[in-house]
Amino acid sequence: MPYWRITLHRSAIGLPKRTKGVLAALGLHKRCQVVFKPVHPQFAGMIMKVKELVKVEEVDRPKTKRELQDERKPDPGFVVEKRGSEMRGALPWAREVGEGEVRL
């Protein structure tokens with residue numbers, strides 16, 4: 001059974017109570033919150049009412065909370081090769097202040 005992944009992309013601050021009620025009925029309360037709803041005409045109508053505020057994708061199955069957390073984790077992007085104490089003399093513009101302390 002296919003599901004819709006619905007993400008609240010824009011805030012509902014300053015919008016009518018009716019619009020806020022539709023978001024609450026979908027289970028969306030905070031920005032960037034994600035809910036999964038089955039593909040059904042009832043939910044399609046709700047999504048159309050708030051189409052400017054949400055992002056919708058069709059997925060095969062709903063993800064668990066853990067899978068959503070893992071999806072948001074960024075790649076480390078760097079590797080620490082040396083510690084600060086090992087960098088004495090490695091940077092020409094750095095000067096030693098005290099024992100094991102380096103200032104740039």
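The values are calculated or read from the model by the stated rules, or taken from the named source; none is laboratory data. Fair warning: this is a prediction, and the values are worked out from it, not measured in the lab. Here Cβ is always computed from backbone atoms with ideal geometry, including for glycine, and neighbour counts include all displayed protein chains.
Go through (1) out of contact with any His (no Cβ under 7 Å at 6 or more places or on another chain); (2) under 23 Å from L15 (Cβ atoms) for L53 and report which single condition fails.
The number of the failed condition is (1).
Is it the case that V102 is in contact with an Asp or Glu (Cβ under 8 Å, 6 or more places away or on another chain) and either in a loop (DSSP other than H, G, I, E, B) or at pLDDT below 95 (or both)?
Taking the combined requirement at face value, the residue satisfies it.
What are the pairs, 6+ residues apart or on separate chains, where a residue within region 70-87 that is modelled with pLDDT under 65 has its Cβ under 7 Å from a residue that is loosely packed, with under 10 Cβ neighbours inside 10 Å and aliphatic (A, V, I, L, M)?
Matching pairs, first to second residue: none at all.
Step by step: first the residues of region 14-58, then only those that are assigned to a strand (DSSP E or B) and surrounded by 12 or more Cβ atoms within 10 Å (Cβ to Cβ), then the one that is farthest from the chain's Cα centre (by Cα). Which residue is that?
For region 14-58, the residue satisfying everything is K37.
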